[in-house]
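Take a look at the structure set out below.
The values are calculated or read from the model by the stated rules, or taken from the named source; none is laboratory data. All values derive from a computational prediction rather than experimental measurement. Please note: Cβ atoms are built from the backbone with ideal geometry, for glycine as well, and neighbour counts cover all protein chains shown. Ligands, DNA and RNA are excluded from the accessible area calculation, which covers all protein heavy atoms including side chains. Shrake-Rupley method; radii C 1.70, N 1.55, O 1.52, S 1.80 Å.
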Amino acid sequence: MATASVAFKSREDHRKQIELEEARKAGLAPAEVDEDGKEINPHIPQYMSSAPWYLNAERPSLKHQRKWKSDPNYTKSWYDRGAKIFQADKYRKGACENCGAMTHDSKSCMDRPRKVGAKWTNTHIAPDEKIETFELDYEGKRDRWNGYDASTYARVIERYEARDEARRKYLKEQQLKKLEKNNQNGGNAVSDEEEEEEEEDDLRVDEAKVDESKQMDFAKVEKRVRTTGGGSTGTVRNLRIREDTAKYLLNLDVDSAHYDPKTRSMREDPLPDADPNEKFYGGDNRYRNSGQALEFNELNIHAWEAFEKGQDVHMQAAPSQAELLFKNFKVMKEKLKSQTKDTIVEKYGNAADENELPRELLLGQSEREVEYDRAGRIIKGQEAALPKSKYEEDVYINNHTSVWGSWWRDHQWGYNCCKQTIRNSYCTGAAGIEAAEAANDLMKANIARKEATDGIPSPTEEKRLATWGTEVPDDLVLDDKLLAESLKKEDQRKREVKDERKRKYNVRWEDEVTPEDMEAYRMKKVHHDDPMKEFLH
């Protein structure tokens, strides 16, 4: 059923509708017709034939399955190449400084760069280009022939016709020359050699007249090939020339060059002892190490190295880009090499140059007066040149008058002007040196005083604290025998606490605690913060 809206139907109406649909599927009733008078296939499922509720379809139709939203902005036209819209007489503000057109700027100008642009000459203003913007549909964006002008193929036809015409004209001139030559030699007297030449010329003419498609049928083989329809095709063209001997048949010796049947390659020469002028095949390595194969290998290596250094170059993905980068690399390399050579020649001179050096350079003469002593040492007239490094020298920062590292003390570098060992400090001059010396003297005096006082121990009163947290009274006297018994009782108590199985059933508790018991408890008590607790008990 192709109705759009589902209205309420009684049971009888619903039964009649189902019977009608079954009759249409069986072909007993005519098919349903849509708004345009087209028949609707009764075998279409209901979820496809029923229109959505928001379309408000009153009659059955299949328009909702088609493209019912038409976009008028899509077009199939193409750009008007080379079209001009306006040509000004003088330069306009905002136009291209080179040609004077308003539709582009000087950076994207495609005209020849003028010595003086149109902005200053105000002449020869280029016309404005016609700029168009199209919104293509899905097929228009993917149409490879979109914008192709079929009339341009006429140039190809004209070129081939001109070639054929030139060939016919040339053959006709050759025939006329031969006829004139025969007439000069005696008319009908034609030698055997001339007859052979005429036969060869006729063969050449016949070959020129043969169609190119027929020339390719030199290895046509008639075969019957089965097809899916059950018939057979006509001919199958075999492109292999069987006149040449296969490379694996050149030398049948078992120990000869290895042939790989999978890649069809034979690296080594199968006939190394044969005359190189007579053999036509010398192994695949011969072609790998000669000709353009070496250039191709250099191109691959350059692409790999450039990719490792961070450039987006791939030989298989963009071969033209990789080749262009390789050409630019070779040009820049040659330019850098020549520039380095010129720099060296300019600095040190060229010994192979034909130009003679000046007499002053050859004899070492100059107008500078230099005074020497008897030992040959310079006394006056020329100062000793200090060697220069690639680092900055004599750079004074933060008001310092000496460089960093000009002073050394106690394994520390510093400034000689203020005796400071902090790199980014501000120079304090002589006052800073005096303050530093005074602080150093004071520190030495304090250290000496401390060392002198450390040798004399201060008298300390040793106080013995009882276990209950108060000071031990002076009249307290502990009995050694009772203390030993208290220690034994404390050890027994700890063993019972550690292992309850040793505790007896009849246990008597004594509430009286003597000072010896308290002392034994204090001595046996484990201090958890004591690092030597594991070794005491």
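Worth a mention:
- Just one of the numbered conditions (1) open to solvent by 100 Å² or more (accessible area, probe 1.4 Å); (2) modelled with pLDDT under 65 is not true of ASP454: (2).
- The stretch 404-432, subset open to solvent by 90 Å² or more (accessible area, probe 1.4 Å) and touching a residue at least 12 places away in the same chain (Cβ under 8 Å), residue farthest from the chain's Cα centre (by Cα): ARG409
- Every test in (1) within 35 Å of the chain's Cα centre (by Cα); (2) open to solvent by 50 Å² or more (accessible area, probe 1.4 Å) is passed by ALA318 save one, and that test is (2).
- Unmet criterion (only one of (1) over 30 Å from TYR91 (Cα atoms); (2) open to solvent by 80 Å² or more (accessible area, probe 1.4 Å)) for VAL156: (2)
- Taken residue by residue, the stretch 254-277 has at least one member that is under 26 Å from ASP244 (Cβ atoms), open to solvent by 90 Å² or more (accessible area, probe 1.4 Å), part of a loop (DSSP other than H, G, I, E, B) and of a type in the set (A, V, I, L, M).
- Qualifying residue in the stretch 107-119 (condition: among the charged types (D, E, K, R) and in contact with an Asp or Glu (Cβ under 6 Å, 6 or more places away or on another chain)): yes
- The condition of being small (Gly, Ala, Ser) and at pLDDT 90 or above holds for only one of ALA384, ALA375, ALA322, ALA352, that being ALA322.
- Unique match (being of a type in the set (Gly, Ala, Ser) and in contact with a strand residue (DSSP E or B) (Cβ under 6 Å, 6 or more places away or on another chain)) among ALA126, ALA83, ALA101: ALA101
- Counting only helices (runs of 4 or more DSSP H) that fall entirely inside the stretch 27-141 and contain at least 2 residues that are modelled with pLDDT of 90 or more, hydroxyl-bearing (Ser, Thr, Tyr) and loosely packed, with under 12 Cβ neighbours inside 10 Å, no element qualifies.
- Qualifying positions in the stretch 283-315 - at pLDDT 85 or above, open to solvent by less than 90 Å² (accessible area, probe 1.4 Å) and not hydrophobic (A, V, I, L, M, F, W, C): GLY283, ASP284, ASN285, ASN297, ASN300, HIS302, GLY310
- Residue check: GLU496 meets all listed conditions (1) open to solvent by 100 Å² or more (accessible area, probe 1.4 Å); (2) modelled with pLDDT under 80; (3) assigned to a helix (DSSP H, G or I) but one, namely (1).
- Counted residues, the stretch 506-525 - those being modelled with pLDDT of 65 or more and part of a loop (DSSP other than H, G, I, E, B): 6
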